[in-house]
Each structure stands twice: as structure tokens, then as C-alpha cells.
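What follows is a short report on a single structure.
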Amino acid sequence: MLDGMKRWTMERMVTMNLLDDPWIPVQLGDSHIEVSGRDAILRSNEIAQLTVTAPTMMAVILRQFLLPVVMDALGVPQSAREWPRWMRLFTDGSLSSQDGISGRTDGNEWSARKRQELADYFAEHHDSFELFHPERPFAQVADLRTTNNDTKSTSLLIPSVASGNNVPLFSTRLGDAPWPLTPAEAARWLLHAQCWDTAAIKTGVVGDKQAKNGKTTGNPTGPLGQLGMVIPVGRTLAETLVLNLPIVADGLPESDRPQWRRGPWTPVWAPGRAMGRLELLTWQSRRIRLHTAGTPDGVRVTSVVLSAGDRLIETPLHEPHTVWNVDPKPKAGVPPVRPRRHSSGRAAWRGLDALLALGEGTGKVRTSRQLEDLAEVLDQDFPLQVFTVGVEYGNQSAVVENVIADSLPLPVAALREVAVRDALIQIAEQADDVAKAVNLLSADLRRAAGCEPLPWDKGQRPGDRLLHALDPSTRRVLGKLRTRSDPDAVTAVHTAWEQVARRTAFEIAEPLLCDASPRQFAGVETEHNKKKITHCSPRAELSFHKRIRDALPLAAAINRRDPDQEV
């Protein structure tokens, strides 16, 4: 009883307000520092980017805090015509100006009103952002406890640290080893767990009537674990914030509120649907309570209770940060439009077909809602970047196996101009075709030696090396097409890329052909569908040349005109 009283007293003494205290890591000028939530928004035009150590953390800070604060305080653009003044509000320093807040005007009543709305919001909801509030701790349940008052190491919040069944390959700590977190670190990993936590068994807690034998089963991963995330990014945090504001004709409904205006939270949870954008961004997929203790380094979060939270029945179509798989004839009980997840080892540009698939359509993929909005409002020369991130889970989604992250420039012209869009989609498809040609060459040479081809999921295939080699040139193409959208320029860039791809394919194929033995030259004879086939290296080489010509017609045309020309 005395220990419990000490812990309660300690937590009452600890203060950490996400609006006032530094916890968001950023690049500000040449410095990498942590800033408060208030400064991250007000000075977003000065901040180059978030400088998180885990790729998954960028989506966490953006979705669980920055975006919902801005949207709840200021609303959202209600038309494409209105969007540019939102960009000016954030990027020209208007938010950090004190003119509107002090009662004077600066010639822009709308900007002054928005500044005042933000100041009023910070004042009204200030206490809701207290991380250790005794009654309404941010994104937590105040009195969350197990029947035995047990707690677990804070490593439970961090996927890269061994905990329970989640044992990363290169983890240097045991799951029950102490892992004290500063309040700022704890705030970040608390929100990270709400987004990306592993699935399976969670601790049963007092007040959870669905817990049995001290545990809750059947828990899904955090909601972002179901997505292949696609986040538009600008040159500053201010641009990134506005690039991620949805355009909603009627604005956000009053019933749609972020989690800090829907609490206080209790151990009770339920399956449900996110009816609004703010509810979706701040979905409480877990019930969590952080516990603090005094250490020689100051107050630290030393243990945690983490239990089952609300289960998102399905990803709603207003989810802004994913591309979609579209199935016109889905199986019973399967939604026709489902989030598309990222694949390990696959560069983001290889998914350009999905990133650029605008409109409802009847195709197999559709781009993110946010990119559809941006296609209407961005200037054609805007240097848009796209950040992609996802998690691969293993063993019934109870462990994190891999984090997939990438970033690439995305020409705005590709969201508008058919010629640019078609060229980029074709380049992504051609890269796969050329990789397939190299893999088939390898398979044919193995058959010529009397061996079976490598299984698709085992060993290193030469096509993977080719795709890796093509990565820099493909990203250069994306950069060049930011400013070149006329058909002749697009064709010239596309042709240059095909020449690079052709040369790269032959560079990878050459050692395979040079290493062919006399036996492979003579070949072996097999029978398929009652037809005899001779597998030999000359035939493999001829087939490879034909596949490359078919895959890269622009480069093939140049090679026919001038066989000695190389680019």
C-alpha cells in the first residue's frame, strides 16, 4: 500500500505537457533538437523535417498529434480554390506572428482569425495534453492495472527491443531488462504503440470484462500495421502539414473529435468503425498506462501496462495515407477496396502504377485519397516527395520481422499529364520485364547444365541485382520529369532510361554467359508436352536478346540505327 502511494505521489509530481515541453525531434536550421508540440506547429515553416530514429515514427507524430491538432483547431480546406491560402498561412510565418493574437490586424483577417483560433485551442485544451495527468493522462487510461498490480518493462512499447514473443534478431537486451525512458521518449513510443503494436495476446486488466484468465486474445495489430503508408512530404514541416490536410467540402463534422476530446478512457474496449477523420487519426487501439520512478538521471518512465484497445473493423475509405487494391468481384465478406501493403525489398518507384492510379476506375489499384486531392491544387513544378513506410509482421503478427521504408520524388505532372504518367508507369513495368528477362536467362542456363532453375523465393536472383542497379537512374528520371512535361522531353528522358536499362541488363548477363561451360553450349534435351526441347547457352542468349528488345523498344530502335552507340 505504501509503495502504491509513493508511486501515485511521484506521478502527481511529474509534469510533461506535449504542448509545452520538448519531445518532437526536428531539424531546425543546422541543429537537430527536440521542440514542443506548440513550437512544432507555430514554427513549422522554420523546421526542415522531423528527425526520427525509427521510420515508423514519422507517421506516428504526424497522425497522432500534429495533423489532428491542426485539423481540430483550425478546420480543413473546403475547396481546391481555398487550399493555397492554407499553404500561405503555414509557410509565410503567419502562424507564429503575434499581430493577430494581440488584437491588431496585418491586412489579412482570415490569417489573424486562424492564429487566434489556434491560440484559443491551446488554452482551452492545455490540460488534455498532460502525459502524466492523474485523471486524464494523454492517450492512456488513468487507473489501468492488472489484478496483481503487475507492470512490464517499457521495452513492450519498442518493436526493436526483445519483449515476450517479439525477439528481433539483433536485439542487445532481454525483454525483462530495465529500459528507462525519458518522458519525451515515452510520449513518442506510447503513440507508436497505438499505431504499430503487434497483435495476439495482451494483458488482461481490471475492468475489462472481455479478458479471460488474465489475458485478451485475438487482438489485431495497430491500425497502421494494416497499411502500406504513403505520405506526401514537402521541403519544410509546414508544407508537409498542409500537404496532408484533406479537402472536405462541408468541413469536419462536430461529432468527429480526436481522442483527447473523447476521453477519459477506461479499460472497456469494443470493435468499431472510425466514422470521421480525427477519430481515425487518433484511434486508440490499445489501453496503456505509463509508470514513472526517480533515477540518478531524473524522473524516467520505467514500466508500463499495455492491454487490449478498440479494434478497427475495417480501414475506411477516407483513410488518407494508403494506396488501394480494387477487386470488382470480391469474395463474400471481403470489401472490394482494400489497403495495399508494401513488399520487402521492393523500391517505392516499382509501385508507381498504384501511386498514379487516379480516380475510382475499375482497375486493380487506386492511389491514396491525399494524392488525389493534391493533383488538383499543386503547382506543376512543386518538389513533391512521397515517403512510404510499412511493417512486416511474423508468427501470427505477434512479432515485427521487418520495417519497409523509402522516399522518392514524385512529379506533380505525373498526377495531371497523361504522357508523364504513362511514361513513369511504363518504366516501372519495363524494369520488372527486364529483371524477368535476366532471371529467365539464368534459369535457361541452369537447364542447359542439367539443373533446375532457382526457386523464386530462394537464393539471390540476378534480376534483383538489376533492379538495385536501376534504382539511381529511375530516381533521376523522377527528378527530371518534375520540370519536363512536354511530350518530346518525356520521350527523350524515357529513351535515355531505356538505354541505361539495356546496358545494365547486358552487364549483368555477361558474366552469366561467359561462365557457361562447353556442356551448356551443347545443352541437354528434355521433353515437355510430348515435345523435345534442347536447352543450350546459345538458345538462352538468343531468347534473352529478344526479351530485352521487346521490353525496351526505344533503346532497341536506337541500337538498330547505330549498333555501336552506347549511352
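Numbers below:
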| item | result |
| --- | --- |
| Residue within the stretch 358-368 that is touching a Pro at 6+ places or on another chain (Cβ under 8 Å), crowded, with 19+ Cβ neighbours inside 10 Å and under 23 Å from T221 (Cα atoms) present | yes |
| Selected residue [in a loop (DSSP other than H, G, I, E, B), of a type in the set (D, E), within 24 Å of R277 (Cβ to Cβ) and out of contact with any helix residue (DSSP H, G or I) (no Cβ under 6 Å at 6 or more places or on another chain)] from E376, E319, E372 | E319 |
| Evaluation of V301 against (1) modelled with pLDDT under 95; (2) outside any loop (DSSP other than H, G, I, E, B) (one fails), failing number | (1) |
| Single unsatisfied condition, V389 versus (1) of a type outside the set (F, W, Y); (2) within 20 Å of P159 (Cβ to Cβ); (3) out of contact with any helix residue (DSSP H, G or I) (no Cβ under 8 Å at 6 or more places or on another chain) | (3) |
| Where R257 falls short, out of the listed (1) charged (D, E, K, R); (2) farther than 29 Å from L241 by Cβ; (3) under 27 Å from the mean Cα position of the chain (by Cα) | (2) |
| Residues being of a type in the set (V, I, T) and either crowded, with 21+ Cβ neighbours inside 10 Å or on the phi > 0 side of the Ramachandran plot (or both) - total across the stretch 265-299 | 3 |
| Residue check, T240 modelled with pLDDT of 95 or more, touching a strand residue (DSSP E or B) at 6+ places or on another chain (Cβ under 9 Å) and within 30 Å of L95 (Cβ to Cβ) | yes |
| Any chance T302 is surrounded by fewer than 13 Cβ atoms within 10 Å (Cβ to Cβ) and among the hydroxyl-bearing types (S, T, Y) | no |
| Flag for V334 being outside the structural domain of H545 (by TED's automatic domain parsing), among the β-branched types (V, I, T) and in contact (Cβ under 8 Å) with a residue 40 or more places away in the chain | no |
| Matching residues in the stretch 16-48 - criterion: being under 19 Å from T91 (Cα atoms), in contact with a Ser or Thr (Cβ under 9 Å, 6 or more places away or on another chain) and surrounded by fewer than 18 Cβ atoms within 10 Å (Cβ to Cβ) | Q27, E46, A48 |
| Some residue of the stretch 424-434 being part of a loop (DSSP other than H, G, I, E, B) and either touching a residue at least 60 places away in the same chain (Cβ under 8 Å) or over 31 Å from the mean Cα position of the chain (by Cα) (or both) | no |
| Of all residues in the stretch 328-362 being of a type in the set (G, A, S) and farther than 30 Å from R465 by Cα, the one that is modelled with the highest pLDDT | A332 |
| Where P223 falls short, out of the listed (1) touching a His at 6+ places or on another chain (Cβ under 9 Å); (2) surrounded by 21 or more Cβ atoms within 10 Å (Cβ to Cβ); (3) under 30 Å from A357 (Cα atoms) | (1) |
| Yes/no for R262 being over 24 Å from R366 (Cα atoms) and charged (D, E, K, R) | yes |
| Conditions (1) free of Cβ contacts under 8 Å to residues at least 12 places away in the same chain; (2) surrounded by 13 or more Cβ atoms within 10 Å (Cβ to Cβ); number of the one not met by K329 | (2) |
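The values are calculated or read from the model by the stated rules, or taken from the named source; none is laboratory data. Everything numeric in this text was worked out from a predicted model, so none of it was measured. Note: ideal-geometry Cβ built from the backbone for every residue, glycine included; neighbour counts use all protein chains shown.
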